[in-house]
Amino acid sequence: MSAKRIAVLVSGGGTNLQALIDAQHRGEIVNGEIAAVIASKPGAYALERAAKAGIPGYVVARKDYPSNQAMTIALVDKLTSLGIDLVVLAGFMVILTEEMVRSYPNAILNVHPALIPSFCGAGYYGLHVHEKALEYGVKVSGATVHFVSEECDGGPIVLQKAVAVEEGDTPEALQRRIMEQAEWVILPRAVSLFCQGRLKVEGRTVRILKPLNLSKECLQ
């Protein structure tokens, strides 16, 4: 099985990108390589992270296009030209249109900082997610990695990890704990499972297939 070429789409600092880069350096992304980092605006710090890791960086800037659809079409063209197999949304703050999902069916992964279907959908991004979770008084939050569909945060769930809400939590404190304990753990794992061909989508359910051989490497 040839290694899958991964593109990570970013808009800001790239903390989840860094988690993927670190996992790749540890050999935890089996049968995959981060081949490109694409930012939605120039100057995104994530591009510096990519450069330091020796990963090619590109900009497809939202401001250069009249609509999200026009940008999405340009982005698909870029991904196609780079021979990308898997697209990972890691803090990508542009709503992509149907052309992306049609071009990469069940091959776009997104990480969301809550346990979907709670606190997700339109308007739930960044600190807003954690503000709403704390306002609601939940005792547990967490993160979800899911395939991207045409419905915002509505694609089949790949992995989830719960994180306890602690007394006195601020949105910023909860955000940091969820990143460290959940997002940075399950996003690299989901990427590795995809690259190994171990994710099978059946309707809304994603089955995780056993590895063909049970070597330590394949159990990452």
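Observations
- Calculated [θ] (222 nm, deg cm²/dmol) that DSSP helices of n ≥ 4 give over the chain, each run adding -39,500 (n - 2.57): -9000 deg cm²/dmol
- Flagged links, alpha-carbon separation over 26 Å, of LYS139/LYS210; LYS161/LYS200; LYS41/LYS200: LYS139/LYS210; LYS41/LYS200
- When a 1.4 Å probe is rolled over the protein heavy atoms, the share of accessible surface on the chain that falls to carbon and sulfur comes to 52 percent.
- At a probe radius of 1.4 angstrom, the accessible area of the chain per residue rounds to 48 square angstrom.
- Restricting the GluC sites (Glu not before Pro) of the stretch 124-189 to loop positions (DSSP other than H, G, I, E, B) with no more than 10 neighbouring Cβ atoms within 10 Å leaves GLU151, GLU166, GLU167.
- Applying the criteria of a DSSP loop state and at most 13 other Cβ atoms within 10 Å to the trypsin sites (Lys or Arg not before Pro) of the stretch 1-79 yields ARG26.
- Taken as Cα centroids, the stretch 75-109 and the stretch 6-38 sit 15 Å apart, rounded to the nearest whole angstrom.
- Each label point was placed 7 Å from the Cα along the Cα-to-Cβ direction; for LYS78 and GLU202 their separation is 3.8 nm.
- Simple rule: put +1 on each Lys or Arg Cβ and -1 on each Asp or Glu Cβ in the stretch 45-128, find the dipole, and look at ALA122, ILE108, ALA90; the Cα lying farthest toward the positive end is ALA90.
- Within the chain, percent of DSSP bridges classed antiparallel, to nearest 5: 45 percent
The values are calculated or read from the model by the stated rules, or taken from the named source; none is laboratory data. A quick note: this is a predicted structure, and the numbers were derived from the prediction, not measured. Ideal geometry is used to build each Cβ from the backbone, glycine not excepted, and the neighbour counts take in all protein chains shown. Quick note on the areas: whole protein, heavy atoms, side chains included, nothing else; ligands and nucleic acids left out. Shrake-Rupley method; radii C 1.70, N 1.55, O 1.52, S 1.80 Å.
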